[in-house]
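Undergrad: Before anything else, here's the structure in question.
What follows is calculated from the coordinates using simple rules that are stated; it is not laboratory data. The shown structure was predicted, so the numbers you read here are calculated from the model rather than taken from an experiment. Ideal geometry is used to build each Cβ from the backbone, glycine not excepted, and the neighbour counts take in all protein chains shown.
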Amino acid sequence: MSAASPHPFETLTPQRVVEAVESQGFWLPGEPFALNSYENRVYALSDDERQRWVAKFYRPERLSTAQILEEHAFLGELAAAEVAIGAPWQNAQGETLFEAEGFRFALFAHVPGQAPELDNPAHLFALGQLIGQVHAIGRRHTFQHRPVFEPRRLVEESRERVLAAPWMSARQQSAYTSVTDALLTLLAEHAWPHQALQRVHGDCHLGNMLGRDDHFALVDFDDCAMAPAVQDLWMLLTAQSPEEWQMQLSEVIEGYEESLDFDRRQLEWIEALRTLRLVRHSAWLANRWQDPAFPRAFPYVADSGYWDQHIRTLEQQRVALDSPRWLA
C-alpha cells in the first residue's frame, strides 16, 4: 500500500457498516457506534426490535478465512456447552462470516456488564471458573489454522519488525538486539513442551471479561491460539505483594479446578509469557503504523524515550526470567 493510498479501514464509513449488516436481513434504525478497538473495527448497534449487537469488521490480510472460521467453530462448541461467551450470529444457512465490499465481518450478540475487579475474591473465583470451563472444551480438539505460541519464532518475528521501524537510534538498536538475544536464550530454558499446548482464548485482559456481581462472560476470541493454559490466567495476577498475589492465585485456581485440574508447574512459564507479550506489543505497534488510527492513539511510539523505556523493561524481564516472583 503506497503512502498516497488510504488505509482500507479509512473507507469503512458508518454508511458502509450499516449496508453490510443490513445485507444479512437486519434493519438498523440508528447509526453504529464505534467501540474502542484497533486491530479490527468494532461497532455497537441496535436493530429495529431494539436488540443490541456488536459487528466486528476484520482487519484485511491479517487472518485467513480458515483461521476466522476456526475461531467461530470454537465459539460454537463453547456456546453449545453453555459456557458464557460472546458467540457469533448465524444466518439461516448456518454461516457466521460474511463479506461486503472487500471486508469480512461477523455479528455477535451484545454482552452487557462491566469489567471484573481483580482485588475481589468472588470475581477472581468466577473468572477462574469461567476460564476452566473454556479450557475443558478447549482440550477436546486442537486448532489446525490458528497461531501457535512458539517463543523463538514469535520473538524473532517481532524483533525483525521493530528493527525495520525508523525510530530507534543506532545505540538503541544495538541495546535492543543485545537484550532480545539474551531473552531468546532464557526463553529456550523456560520453554514449554508441545504437549502443554491447547486451545485458549489468548488475550484474557479486563476488557475481554464482562459481567455483573460474580457472573462474567468472555468475549473477543480474536487472538485464540494454541498455548499453555496459564496464558489465560497470568494476566489476572496483578498484585504487588506476595500475600496478595497468592490470594489472587488461590481464588483463580480454586474456580478453575471446578472444571479440570491445573498443573501448577505452568506457573513457571508466567514470566516467559509476559516477555512474549511485551516484545510482541511493540512489534504490533510498529507493524500497524500505516493504519492512521495508530499514530493518533500511540504518538509516543515515534519518540526515542519510548524505546529507551521499552529496552529497560526488557532488561527487567531478563532478571525476572532468572528469578520468577513468589513461586517458592
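Undergrad: Measure out, as a whole number of angstrom, how far apart the alpha-carbon centroids of the stretch 183-240 and the stretch 83-130 sit.
TA: 16
Undergrad: Here's something else I'd like to know. Please rank Asp119, Asp223, Asp213, fewest neighbouring Cβ atoms within 10 Å first, as an exposure proxy.
TA: Least crowded to most crowded, the residues run Asp213, Asp119, Asp223.
Undergrad: Shifting gears a bit: DSSP loop trypsin sites (Lys or Arg not before Pro) in the stretch 75-180 with at most 15 other Cβ atoms within 10 Å of their Cβ, which ones?
TA: Here the sparse-neighbourhood loop sites are Arg139, Arg140.
Undergrad: Just to check I understand the Karplus step: with θ = phi - 60° and J = 6.51 cos²θ - 1.76 cosθ + 1.60, what whole-Hz values come out for the stretch 169-182, glycine and proline as x?
TA: 6, 4, 4, 5, 4, 5, 5, 5, 4, 5, 6, 6, 4, 5
Undergrad: Restricting to bridges with both residues inside the stretch 121-322, how much of the DSSP beta-bridge set is antiparallel, in percent to the nearest 5?
TA: 90
Undergrad: Sorting Met226, Met209 on the 10 Å Cβ count, fewest up front, what's the list?
TA: So the residues, fewest neighbours to most, are Met226, Met209.
Undergrad: Given the rule -39500 (n - 2.57) for each run of at least 4 DSSP H residues, summed and divided by the residues of the chain, what is its mean residue ellipticity at 222 nm, to the nearest 500 deg cm²/dmol?
TA: -13500 deg cm²/dmol
Undergrad: With a/c under 1.5 counting as rounded, go ahead and sort the stretch 121-322 into rounded, prolate or oblate using the C-alpha gyration tensor (a ≥ b ≥ c being the square roots of the eigenvalues; past the cut-off, prolate if a/b is larger than b/c, else oblate).
TA: Prolate is the answer for the stretch 121-322, as a/c is 1.5 or above and a/b outweighs b/c.
Undergrad: If contacts are Cα pairs under 8 angstrom and at least 6 residues apart, what is the relative contact order of the stretch 68-128 in percent?
TA: 23
Undergrad: Per-residue HN-Hα couplings for the stretch 233-245, Karplus 6.51 cos²θ - 1.76 cosθ + 1.60 at θ = phi - 60°, whole Hz, x for Gly and Pro?
TA: Result, rounded to whole Hz: 10, 5, 6, 7, 9, 10, 5, 10, 9, x, 5, 5, 4.
Undergrad: Now for a separate question. Kindly write out, for the stretch 271-277 in residue order, the coupling ³J(HN,Hα) from the Karplus curve 6.51 cos²θ - 1.76 cosθ + 1.60 (θ = phi - 60°), rounded to whole Hz, with x marking Gly and Pro.
TA: Listing the rounded values in order: 5, 5, 5, 4, 4, 4, 5 Hz.
Undergrad: Related question: Quick check: Cα centre of the stretch 246-265 to Cα centre of the stretch 1-43, how many Å?
TA: After rounding, the separation between the Cα centres reads 40 Å.
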